[in-house]
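None of the figures in this text is laboratory data; all of them are computed from the coordinates on show. Keep in mind that this is a model prediction, so the values were computed, not measured. Ideal geometry is used to build each Cβ from the backbone, glycine not excepted, and the neighbour counts take in all protein chains shown.
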Amino acid sequence: MILVTGGAGFIGANFVLDWLALHDEPVINLDKLTYAGNPETLQSLQGNPLHTLVQGDIGDVALVSQLLKTHQPRAVINFAAESHVDRSIHGPGEFIQTNIVGTFNLLESVRSYWQSLPDEPAKQAASSGATATSAMPTSAMPGKLTKASFRFLHVSTDEVYGSLAKDDPAFTERNHIEPNSPYSASKAASDHLVRAWHHTYGLPVLTTNCSNNYGPYHFPEKLIPLLIVNALAGKPLPVYGDGQQIRDWLFVKDHCSAIRRVLEAGRLGETYNVGGWNEKANLDIVHTVCALLDELRPRTDGKPYQDQITFVTDRPGHDRRYAIDARKLESELGWRPTETFETGIRKTVQWYLDNPEWVAHVQSGAYRDWVQKQYT
Ligand code: NAD
Ligand code: DAU
């Protein structure tokens, strides 16, 4: 059993879907179902006994403690967060509340649960005839949940490192933490709390810091899905400032595989950078998406989608460049992304073309009705 938080959001839901496609191990999915949480993304898991979606807040100590006590997960993977930089600029309060206070409360609930776990593997497992093999991590073996086998994996972002100049080397895990937006500051604070809970209390934690994700089920307020849905609707494609800001892009399924690998074999207390070695200027992303749409769903008037590009006022405090050095994860844990940017972006555009209903329900707000009906 694992407990995933924020598993109705973009990355968390992809993680849960992939996890249950690969494992028989049940998932408790705790999600507040904010505007970013979309149970329709998890519709294929309806009736699957291995998946339980619980609507609730990571900051609700009573609820989280009860879930931990009842389900005895061997790991907690914390995706839950307010995640959109623009929203953090207009209203930072929710970011402080969920990303900092929520993570603090979650850590305290988890610490108390972890302290209740046995120090040694349970005796009855040894006498049950189960044979332990070195290929099978202790933590994956039913009945062998101990303090040492438990894991708390905190999912974080490259934005905690701040902004790079054009020729700076990519961020490594040893970079200073210099967050610039309310979002990244709140994530950096949560990373510090996780680190402190390891050093002070011995909680077995792992942290990942990943670059920009893209792929299926991405909420269309973020650059890539916004471009696709606006382009198809004939709306402007807003480019902040000069469009020369650089991000490193990783297909969401590759982020999920990195998290699984860190969970399996990461060294306790360590942070692992996750990235795709795909630095791109925003304007290049816009042109790539337009070119793919020209090919896959040409405009009826025969004109190119790039005619819809509109330069708009820049984001305040806009970080100029992020770049991730993922060599620690690659060399220590043997992780590699499977998608190049070219293959991943084509799959992503095609996914949005193939799933107009998911998009329409997000745009109309109908996915919220579904939340009301099912979970309140
Ligand atoms: P998202 O906004 O799509 O999803 C966040 C999910 O968390 C939603 O389902 C929401 O309902 C839930 N949530 C919010 N507040 C909650 C609370 N108090 N209690 C329980 N659930 C709550 O975000 P995402 O893009 O999927 O990001 C997931 C995590 O990965 C975040 O921690 C984010 O900081 C991190 N991250 C994201 C990216 C990216 O490119 N999207 C890159 C690196 C790291
Ligand atoms: O780097 C990882 C981070 O990537 C995650 O931690 C965040 O949760 C995630 O939202 C993302 O943050 P960004 O701010 O980089 O993503 P966003 O899609 O909002 O913007 C990507 C770039 O595109 C950024 O430089 C701002 C720019 N942009 C964005 C939007 C929405 C535009 O030019 N126009 C737009 O309309």
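Quick look at the numbers
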item	result
Relative contact order (%) - region 235-316, alpha-carbon pairs under 8 angstrom, separation at least six	52 percent
Per-residue HN-Hα couplings for region 354-365 [Karplus 6.51, -1.76, 1.60; θ = phi - 60°; Hz; x = Gly/Pro]	7, 10, x, 5, 4, 5, 4, 5, 5, 5, 7, x
Amide H within-cut-off set for Leu250, under 5 Å, with H built and near neighbours excluded	Asn212, Asn213, Tyr214
Contact order relative to length of region 258-371, as percent, for alpha carbon pairs under 8 angstrom and 6 or more apart	37 percent
Volume per residue of the C-alpha convex hull in region 48-98, rounded to whole Å³	104 Å³
Region 5-16 - phi-based ³J(HN,Hα) in whole Hz, Karplus 6.51/-1.76/1.60, Gly and Pro as x	9, x, x, 9, x, 4, 6, x, 5, 4, 5, 5
Amide H within-cut-off set for Ser83, under 5 Å, with H built and near neighbours excluded	none
Under 16 Å from the Cα of Lys280 - aspartates and glutamates, other chains or at least 8 residues apart	Asp158, Glu159, Asp167, Asp168, Asp242, Asp248, Asp319, Asp325, Glu339, Glu342
Net +/- balance of residues flanking Arg74 in space, Cβ distance below 15 Å, scoring K and R +1, D and E -1	+2
Signed unit charges on C-beta, dipole axis of the chain, positive-most listed residue Val229, Gly56, Thr340	Gly56
Helix-derived mean residue ellipticity, 222 nm - over the chain, DSSP H n ≥ 4, -39500 (n - 2.57), to 500	-12000 deg cm²/dmol
Beta bridges per DSSP with both ends in the chain, % antiparallel, nearest 5	10 percent
Under Karplus coefficients 6.51, -1.76 and 1.60, residue-wise ³J(HN,Hα) of region 258-266 in Hz, glycine/proline x	5, 5, 4, 5, 5, 4, 6, 9, x
Unit Cα scatterers, Debye sum, the chain: log10 I(q)/I(0) for q = 0.11, 0.13 Å⁻¹	-0.77, -1.08
Counting DSSP beta bridges with both ends in region 202-303, the antiparallel % (nearest 5)	30 percent
Under 5 Å, built H, 5+ apart or other chain: amide partners of Arg321	Leu164, Ile246
Mean Cα-pair separation over length for the chain, i.e. relative contact order, pairs under 8 Å, 6 or more apart, %	17 percent
Proximal lysines relative to Lys235, as straight alpha-carbon distance under 23 Å, when same-chain residues fewer than 8 apart are discounted	Lys222, Lys303, Lys347
For region 205-358, convex hull volume per residue from C-alpha positions, Å³	117 Å³
DSSP-assigned coil residues among trypsin sites (Lys or Arg not before Pro) in region 306-361, each with at most 15 further Cβ atoms within 10 Å	Arg320
